[in-house]
Structure formats: C-alpha cells, structure tokens
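Trainee: Have a look at the structure that comes next, please.
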Amino acid sequence: QVQLVESGGGLVQAGGSRRLSCVASGRDLSNYYMAWFRQAPGKEREHVASIFWSGGSHYSDSVKGRFTISSDVAQRTIVLQMNSLKPEDTAVYYCAAKNIRTPGATSGYNYWGQGTQVTVSS
C-alpha cells in the first residue's frame with residue numbers, strides 16, 4: 001500500500017513556472033514506479049511524466065523540454081518542475097504509483113493522490 005499527497009498547485013501566468021510535490025508513504029517504495037498525470041475539464045486523464053525512485057524518467061511529448069520529474073528518496077518525494085507553462089497545461093495534477101513489475105510507463109497505476117489544481121492564465 002502506498003499513500004500519496006500532492007501539493008504545490010495554484011494560479012500562474014503563461015510562461016511562468018510551478019513546482020509540484022508528491023510525498024509518498026508506505027513500505028518498500030523502491031518497488032513502485034511513480035508518475036504524474038493530469039486531467040483537464042472535459043478531457044480524459046493523461047500521463048505527464050514518470051520515474052523510477054532510482055532515476056530513469058519518461059515524458060509525454062506535450063511536456064518534453066518544459067517539465068522535469070525528479071525523485072528524492074530521503075524525502076520520499078517526487079517533484080514535477082513545470083516551466084514555460086501554457087494555458088493548455090491547466091488541469092488537476094495527480095501523483096500516481098504502481099508496482100514496478102507492471103509493464104508500460106503510462107498505464108496500470110493503482111495508487112492515486114487527491115490531486116492539485118494548476119491554472120495557467122493567458
């Protein structure tokens with residue numbers, strides 16, 4: 001079992017930056033693959049970025065070059081640094097986790113945080 005708590009959402013102007021954090025609790029976190037997803041109004045939830053606790057990341061094409069995902073094992077935290085934000089990045093951002101043995105980077109997640117709203121104004 002993994003519990004996930006996100007923070008860092010808010011209102012930001014287009015072109016600005018925002019840093020989201022996800023604190024994970026539970027045993028044997030190294031057995032989990034971690035990710036950020038987002039869901040905009042009227043759209044399906046989509047994968048943003050994902051990472052192993054030991055490193056090694058994967059990004060969606062829509063955020064590649066603008067967002068950076070990182071892991072801090074000691075703080076049990078996954079960070080999503082978002083730069084050059086666009087209005088289309090407006091969404092509720094969710095932290096997610098799945099067993100490391102589940103294949104694929106963008107699906108199969110079964111642990112979710114409550115979400116944090118990011119709104120990018122034009």
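Trainee: Can you report the number of residues in the stretch 45-82 which are within 22 Å of Val23 (Cβ to Cβ), outside any strand (DSSP E or B) and open to solvent by 60 Å² or more (accessible area, probe 1.4 Å)? Walk me through how you get there before you give the answer.
Mentor: Initially, the stretch 45-82 is screened for residues within 22 Å of Val23 (Cβ to Cβ), giving 45, 47-59, 63, 67-82.
Those left that are additionally outside any strand (DSSP E or B): 45, 53-56, 63, 73-76.
Now restrict to residues that are open to solvent by 60 Å² or more (accessible area, probe 1.4 Å): 45, 54, 73-76.
Qualifying residue count, the stretch 45-82: 6.
Trainee: For the stretch 3-44, how many residues are at pLDDT below 95, at negative phi and open to solvent by less than 60 Å² (accessible area, probe 1.4 Å)?
Mentor: Looking only at that region, the number is 1.
Trainee: Assess whether Val118 counts as being open to solvent by 20 Å² or more (accessible area, probe 1.4 Å) and not in a loop (DSSP other than H, G, I, E, B).
Mentor: The answer is no for Val118.
Trainee: Is it the case that the stretch 89-99 has a residue that's open to solvent by 60 Å² or more (accessible area, probe 1.4 Å) and not in a strand (DSSP E or B)?
Mentor: no
Trainee: Within the stretch 33-44, how many residues are in a strand (DSSP E or B) and either closer than 21 Å to Leu11 by Cβ or without any contact (Cβ under 8 Å) to a residue 12 or more places away in the chain (or both)?
Mentor: 4
The values are calculated or read from the model by the stated rules, or taken from the named source; none is laboratory data. The model shown is predicted, which means the values in this text are computed figures rather than measured ones. Counting neighbours? That spans all protein chains shown, and the Cβs are built from the backbone with ideal geometry, glycine included. SASA here: full protein model, heavy atoms, side chains in, ligands and nucleic acids out. Shrake-Rupley method; radii C 1.70, N 1.55, O 1.52, S 1.80 Å.
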